[in-house]
Amino acid sequence: MTTSGSDMTVESVVRRAVADHRGWRGALLPVLHAIQAELGHVPQEAVPVLADELNLSRADVHGVVTFYHDFRREPAGRTTVRVCRAEACQALGADRLVNHVRESGLTLGETSVDGSVTVEQVFCLGNCALGPSVEANGRLYGRVSPARLGSLLNGTRDATPNGSLKGTVSS
């Protein structure tokens, strides 16, 4: 298979990632991260190449890819939204956010049919004092209301992220 927009194959990406980590103890996780960083996901056709290169069984590689939630087996949507479900955010209303996701016709852990958004749950974004927290395309947002989450799911940026020059996070 060829990666989009290039003549580089999945196999060549995998072999290069393995070569970059050759000799490392426990190289599988860093190699998987490198593949996902380059391709946006870990495609199924990478599994046999990884197994061969790292002298592991296909079942071992598949087990690691499917065990860790950070690895995607399919490309993510154009917008990736991660909703914190840890205790502090739960206490501050994360369930309302999850309900809003479901009411919007989206499912946690999946990408919308049109490929516009992927919604994931995580169990700590390290923003406990400003919960409930959401990360959208790598930017952290605190005190997120369902309405604000809706704008993030739609790809609009009418919310101020943490660490902005204004220094405040509004809902």
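The values are calculated or read from the model by the stated rules, or taken from the named source; none is laboratory data. Quick caveat, the model's predicted, so the values are computed rather than measured. A quick note on method: Cβ atoms are made from the backbone with ideal geometry, for glycine too, and the neighbour counts reach across all protein chains shown. What goes into the accessible areas is simple: the full protein's heavy atoms, side chains included, and nothing from ligands, DNA or RNA. Shrake-Rupley method; radii C 1.70, N 1.55, O 1.52, S 1.80 Å.
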* Structure fact -> Per the filter on the range 41-65, residues open to solvent by 30 Å² or more (accessible area, probe 1.4 Å) and either assigned to a loop (DSSP other than H, G, I, E, B) or touching a Cys at 6+ places or on another chain (Cβ under 8 Å) (or both) are GLN44, GLU45, ASN55, LEU56, SER57
* Which numbered condition TRP24 fails, given (1) over 22 Å from LEU153 (Cβ atoms); (2) touching a residue at least 40 places away in the same chain (Cβ under 8 Å); (3) open to solvent by 70 Å² or more (accessible area, probe 1.4 Å) -> (2)
* What about VAL31, is it under 25 Å from GLU110 (Cβ atoms), surrounded by 12 or more Cβ atoms within 10 Å (Cβ to Cβ), in contact (Cβ under 8 Å) with a residue 12 or more places away in the chain and β-branched (Val, Ile, Thr)? -> no
* Asked: Taking HIS69 and the conditions (1) surrounded by 15 or more Cβ atoms within 10 Å (Cβ to Cβ); (2) within 17 Å of the chain's Cα centre (by Cα), which numbered condition does it fall short on, given that it satisfies the others?
  -> (1)
* Asked: When you go through ARG82, ARG96, ARG73, ARG102 one by one, which is the residue that is basic (Lys, Arg) and part of a strand (DSSP E or B)?
  -> ARG82
* Looking only at residues in the range 127-152 that are under 16 Å from the mean Cα position of the chain (by Cα) and at pLDDT 95 or above, which one is surrounded by the fewest Cβ atoms within 10 Å (Cβ to Cβ)? -> ARG139
